[in-house]
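Participant: My questions all concern the structure below.
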Amino acid sequence: METAIWRRSYISLISSECPVDNWRGKSVQRKQAESKSQIKLHTQSAPFGLCPKGLMLTQAPSSVVRSRNSRDHTMNSGGSCLSASTVAIPAINDSSAAMSACSTISAQPASSMDTQMHSPKKQERVNKRVIWGIEVAEELHWKGWELGKETTRSLVLKNRSLKLQKMKYRPPKTKFFFTVIPQPIFLSPGITLTLPIVFRPLEAKEYMDQLWFEKAEGMFCVGLRATLPCHRLICRPPSLQLPMCAVGDMTEASFCLDNVGDLPTFFTWEFSSPFQMLPAMGLLEPGQASQIKVTFQPLTAVIYEVQATCWYGAGSRQRSSIQLQAVAKCAQLLVSIKHKCPEDQDAEGFQKLLYFGSVAVGCTSERQIRLHNPSAVNAPFRIEISPDELAEDQAFSCPTAHGIVLPGEKKCVSVFFHPKTLDTRTVDYCSIMPSGCASRTLLKVVGFCRGPAVSLQHYCVNFSWVNLGERSEQPLWIENQSDCTAHFQFAIDCLESVFSIRPAFGTLLGKARMTLHCAFQPTHPIICFRRVACLIHHQDPLFLDLMGTCHSDSTKPAILKPQHLTWYRTHLARGLTLYPPDILDAMLKEKKLVQDQNGALMIPIQDLEDMPAPQYPYIPPMTEFFFDGTSDMTIFPPPVSIEPVEVDFGACPGPEAPNPIPLCLMNHTKGKIMVVWTRRSDCPFWVTPESCDVPPLKSMAMRLHFQPPHPNCLYAVELEAFAIYKVCARNEREECGVSARSLSVWVGWQGVTEGGFRLHPLRARLSLGWTVAPMGLSPPKLLAQLGPSDFLILM
């Protein structure tokens, strides 16, 4: 009964015989003449003429073959036995039984991530060999089997030779592997035979057996193996050579970690510095592969050869290793200056120096340095400029903070100089630091900052005299002699002043000139003087003296001249400006005052203990601008002051005008003065009384009025007033009139309105002058000797 069953299963494997050519006729007749008890096995295959003649498949060197005349021996690749290993190619016979094929799953990158996981499950890989013209698998492997359940694998034999192959086989020795009843096998050239092998396990263990084939040339076997599910990870390739790397730099390479086992497997890498493995741990499903990235960052220039171990399996007791090899070298970086100029060298000639020359403030100058890498590895570098200073305080900068110069190449790096401090020579140091053990290069960077060079055609504009109600205008050009752009603004931009400058602000390009129009339109017959500051960005302010005299039909003051300003400043330094003309007249008559060689008044030398008379000192422009007497700090005491310094009307709901705000005008001089306010007809602000007398060292109460002409508007204005000494010589006041001997005082405010109507007095500038009106009067003898301008006092 059992024999019948096996015979039926054996016969079911026989396929229809393929056609045989005439030259194969003898072979067919010989087979027909053989015993009828023998069963001939032929499987249909492609005609011999279509078989590729160049395909040579051979066995691996480790295959064991038995010869009739000798025992087991190892077949090599010599002789007629061509040996090699190949992936099994699926073949289909007449009974449509398909042979299982295995293909290699390679770990190809699936994304830009460092680790690529590949989910397709691997098919079983079958290594084939060719022995004496027969292509056959080296081993049949059973995985994933169950106890008591039969599992069948197919063993494929193919005739690769040009002759008829005759062989027979022996069944496996163990009872766990069995096949059909052994019968002689005849294979024509190119014919394939599929032999089923059945595996029936009874215990959970590994099984090993062999299936032997016998030919005229000898014997060979096919291994039969059944294994339990297990963890197994392999590294491909088993060793990895990383690229050559510079000390302090980093290189990387990758390899594939395959899970060729049957179970999901956790893994952990164990490695040593300076190597790093990414990912250092993970999980691989059966048939999956992970791309492992190896980074190499050496600290010393030596040859590294270490072994990285991957621990996996139950309790992490299994391991798979890969050999890592790398070479570290010291990089070399040569620093030079591109487009070198003669100034790029210090006095000693030992230190590298990068000279930027003179650069305008607000501008940026660029120079480049060249980095050359003559070594065979990459040369990483880092550049630092003044690391201890804040970035916003640095005049030098290098956008390239770090980079890499490739082997044998050159790289240019820009260094910028953007100065912020005027008329300053800036010195700094730029450090170029290669990675690793190479020494750093210190580069000295030097630059000079220049600002705009703005100047005026004249620093004093004299309008001489004009009639009341007329307007006089004179041109004045302003020039920028530097190539740096300049922004300027005159501190006079209100229509309430008798002086005006158009334009009051603007921009001057480098080497440019602009024409200004200065105008004088007085409102009272009086001498007028005003010192106007011209504020310039990145330059000290300039000062322009504006002077003019107004005549009316009844009042003709003496004409103010530039020489009077020189005498005034000398008197200011000698402390004589606060005294009225009558007191100075008496002191000069009593010989308590004398004239110097320039005509200015002074205390006699013997009273000064042989010390020279004081002269007007040099005052820095910024000091003069801020300490001008309008604040608590001043260089010279002001003759007149006004309180409060800020006037704010707030929000005026209307329609009625807001209540006036009281002002207090204080006379700090030792003479009586008369104050006259300048007012335009359409000005919303005005002061009452418009003119008044203030006794010496006394104060006068005034009121500041505000009448907005339009609602929902902001108003700000600068008011201007002139004060004169009211002194008459020899009791001739009735004859002298109002302008007999006078001292002119100018007071100004500049206002800003916030949320309503606010007058903000930011400045209170005073100018005092004394003159004698040419009205045909007989002046005193002293005045005839000194002249009308000797007692001129201006503040």
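Participant: Describe numerically, in nm with one decimal, the distance between label points set 7 Å from Cα along Cα→Cβ at ASN127 and at GLN563.
Facilitator: 12.2 nm
Participant: Something else now. Averaged across orientations, what area in nm² does the convex hull of the alpha carbons in the stretch 303-388 project?
Facilitator: Approximately 12.4 nm², given one-decimal rounding.
Participant: Another question, if that's okay. Skip the ligands, DNA and RNA, and give the accessible area per residue of the stretch 545-610 with a 1.4 Å probe, whole Å².
Facilitator: Roughly 49 Å² per residue, with all protein chains present.
Participant: For the stretch 461-468, what does the Karplus curve 6.51 cos²θ - 1.76 cosθ + 1.60, with θ = phi - 60°, yield as ³J(HN,Hα) per residue in whole Hz, taken in order and with x for Gly and Pro?
Facilitator: 10, 9, 7, 6, 10, 9, 7, 4
Participant: To the nearest 0.05, how large is the calculated FRET efficiency for SER365 and THR515 if R₀ is 35 Å and r is the Cβ-Cβ distance?
Facilitator: 0.65
Participant: Given the Cα-Cα distance of LEU406 and SER681 and 0.36 nm per residue of separation, how much length would full extension add, in nm?
Facilitator: 91.1 nm
Participant: Distance in nm between label sites at LEU422 and GLN241, each 7 Å beyond Cα in the beta-carbon direction?
Facilitator: Between LEU422 and GLN241, the simple spin-label model gives 6.8 nm.
Participant: Multiply the residue gap between PHE448 and LEU278 by 0.36 nm, knock off their C-alpha separation, and tell me the result in nm, one decimal place.
Facilitator: Result: 56.0 nm gained on full extension.
Participant: Whose amide H sits under 5 Å from the amide H of ILE185, counting only residues 5 or more places off or on another chain, with H placed in the peptide plane?
Facilitator: Long-range HN contacts for ILE185: MET167, LYS168.
Participant: Given the Cα-Cα distance of GLN307 and ASP393 and 0.36 nm per residue of separation, how much length would full extension add, in nm?
Facilitator: 25.8 nm
Participant: Per-residue counts of other Cβ atoms within 10 Å, averaged by peptide: what ranking do you get for 415-426, 481-492, highest first?
Facilitator: Answer by packing, highest mean first, reads 481-492, 415-426.
Participant: In whole Hz, what ³J(HN,Hα) sequence does the stretch 617-628 give by Karplus (6.51, -1.76, 1.60; θ = phi - 60°), x for Gly and Pro?
Facilitator: x, 7, 10, x, x, 5, 5, 5, 5, 8, 9, 9
Participant: Please give the FRET efficiency for LEU495 paired with SER554, using the beta carbon to beta carbon distance and R0 = 22 Å, rounded to the nearest 0.05.
Facilitator: 0.20
Participant: Once you've got the Cα coordinates, tell me which of LYS589/LYS698; LYS592/LYS726; LYS340/LYS410; LYS338/LYS511 are over 26 Å apart.
Facilitator: Flagged as over cut-off: LYS589/LYS698; LYS338/LYS511.
Participant: Still on this structure, I have one more. What are the ³J(HN,Hα) couplings of the stretch 374-384, residue after residue, when phi is run through the Karplus curve with 6.51, -1.76, 1.60 and θ = phi - 60°? Round to Hz, x for glycine and proline.
Facilitator: Ordered by residue, 3J(HN,Hα) equals x, 7, 8, 10, 4, 10, x, 9, 9, 10, 10 Hz.
The values are calculated or read from the model by the stated rules, or taken from the named source; none is laboratory data. The structure displayed is predicted, hence computed values, not measured ones. Virtual Cβ from ideal backbone geometry, glycine too; neighbours counted across all protein chains shown. Accessible surface is based on the protein model in full, side chains and every heavy atom, while ligands, DNA and RNA are left aside. Shrake-Rupley method; radii C 1.70, N 1.55, O 1.52, S 1.80 Å.
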